[in-house]
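The values are calculated or read from the model by the stated rules, or taken from the named source; none is laboratory data. What you see is a predicted model, and the numbers here were worked out from it, not measured in a lab. So basically every Cβ, Gly included, is an ideal-geometry build from the backbone, and we count neighbours across all protein chains shown. Surface accessibility is based on the protein's heavy atoms, side chains included, excluding ligands, DNA and RNA. Shrake-Rupley method; radii C 1.70, N 1.55, O 1.52, S 1.80 Å.
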Amino acid sequence: MIMISLPLHLKPKFVYDLVRIGSLNDGGYLVEKNSLIYANCLISFGISTNWDFEKQFLSNRKINFRSYDGSINHLFWQEWKRRSLKKCIRFSFKDFFEYYTCEKEFKKFFNYNNFFSKFVGKGDNFISLSNIFSEISENKVFLKIDIEGSEYDILDDLQLFQDRVIGLIIEFHDCDKKLDKILEFVSRINLKLVHIHGNNYDYVSDKGIPKSLEISFSSKPKIIEDIPIFPHKLDMPNKKKRPELELKFGG
């Protein structure tokens with residue numbers, strides 16, 4: 001394992017009742033169980049080509065679901081198909097198979113009512129958090145946010161709607177440079193910090209701060225034990241063949 005040093009304010013105070021949702025490695029997150037059970041709406045920002053989290057979260061549940069990712073559109077599929085067909089000429093069919101399977105599964109799981117090819121924030125092809133919440137009536141919303149650095153642009157708006165949020169997962173990027181913004185957000189939001197995990201896909205700074213952190217929150221989490229240990233027993237390294245990041249807190 002690689003040792004990571006983080007401020008004490010980012011340490012969850014207790015061991016909460018957590019479950020793992022999503023992929024075994026990258027794309028899987030630890031969720032507080034009450035947030036999962038009692039959520040009446042799931043909103044996901046950032047889908048790309050992995051929606052294992054959304055699939056498992058929604059399995060056998062009929063709740064409102066909305067997802068947003070401006071990078072996934074007709075041109076995305078068209079370009080992937082073009083690249084993969086070019087490889088087929090060289091008798092390399094793996095990429096075409098992945099493209100075909102992924103697009104087929106995407107169209108099976110998503111539709112015009114639950115997927116919107118927009119980024120979250122401000123600008124062209126963007127939709128604001130205010131607009132998203134104005135379009136739903138639910139007050140026990142679970143948010144999954146993985147938008148490659150744009151999460152910092154919506155943190156203030158998140159606090160405006162926190163009373164309607166039952167659970168929240170944010171993958172923070174550039175943490176080594178924006179740790180103060182993360183600490184400020186954690187201190188201001190009413191949700192409890194229930195879990196934190198270092199993403200081992202990205203580098204670790206000279207000061208022992210990982211570039212990417214996955215942080216889970218819950219409105220009313222159930223406490224299991226007093227002394228948390230990181231990584232949690234349900235954690236898995238995002239990149240399978242790299243060592244997990246061991247988190248230490250202090251300062």
Histogram of C-alpha separations across segment 169-251, 5 Å bin width, %
3, 13, 23, 27, 20, 11, 3, 0
Against the longest principal axis of the chain, how steep is helix 74-88, in degrees 0 to 90 to the nearest 10, with axes from Cα atoms?
70
Hydrodynamic calc, the chain: Kirkwood Rh from Cα pairs, then Stokes-Einstein at 4 °C with viscosity 1.567 mPa s, so D in µm² s⁻¹ is 68
Given a 1.4 Å probe, how much area per residue of segment 41-166 is accessible, in Å²?
58
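Tell me the trypsin sites (Lys or Arg not before Pro) within segment 69-132 that lie in a loop according to DSSP and have at most 13 other beta-carbon atoms within 10 Å.
On the way: sites: Lys81, Arg82, Arg83, Lys86, Lys87, Arg90, Lys94, Lys104, Lys107, Lys108, Lys118, Lys122; in loops: Arg90, Lys118, Lys122.
Passing both the DSSP loop test and the Cβ count: Arg90, Lys122.
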Stokes-Einstein D for segment 203-246, Kirkwood Rh over Cα pairs, 4 °C, 1.567 mPa s (µm²/s):
100
Leaving ligands and nucleic acids out of the surface, order Met236, Met3 by accessible area at 1.4 Å, largest first.
Met3, Met236
P(r) over all Cα-Cα pairs of segment 60-112, 10 Å bins from 0 to the longest distance, whole percent per bin, short to long, reads 21, 44, 23, 10, 2
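With all protein chains present and a 1.4 Å probe, how do Glu184, Glu148 order by accessible area, largest first?
Ranked from most to least accessible, the order is Glu148, Glu184.
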Partner aspartates and glutamates for Lys107 [C-alpha distance under 18 Å; skip if fewer than 8 residues away on the same chain]:
Asp52, Glu54, Asp69, Glu79, Glu98
Of the peptides 123-129, 222-228, how do they stack up when ordered by the mean number of other Cβ atoms within 10 Å, highest first?
123-129, 222-228
When the accessible area of the chain is computed with all protein chains present and a 1.4 Å probe, what percentage of it is carbon and sulfur?
52
Principal semi-axes in Å for segment 22-130 [√(5λ), Cα gyration tensor, largest first]
29, 18, 12
Find the percent of Cα-Cα distances in segment 128-183 that exceed 20 Å, and round it to a whole number.
24
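Step through the table entries Lys177/Lys248; Lys62/Lys108; Lys94/Lys177; Lys94/Lys233; Lys108/Lys241, compare each Cα-Cα distance with 26 Å, and write down the pairs that go over it.
Lys94/Lys177; Lys94/Lys233; Lys108/Lys241
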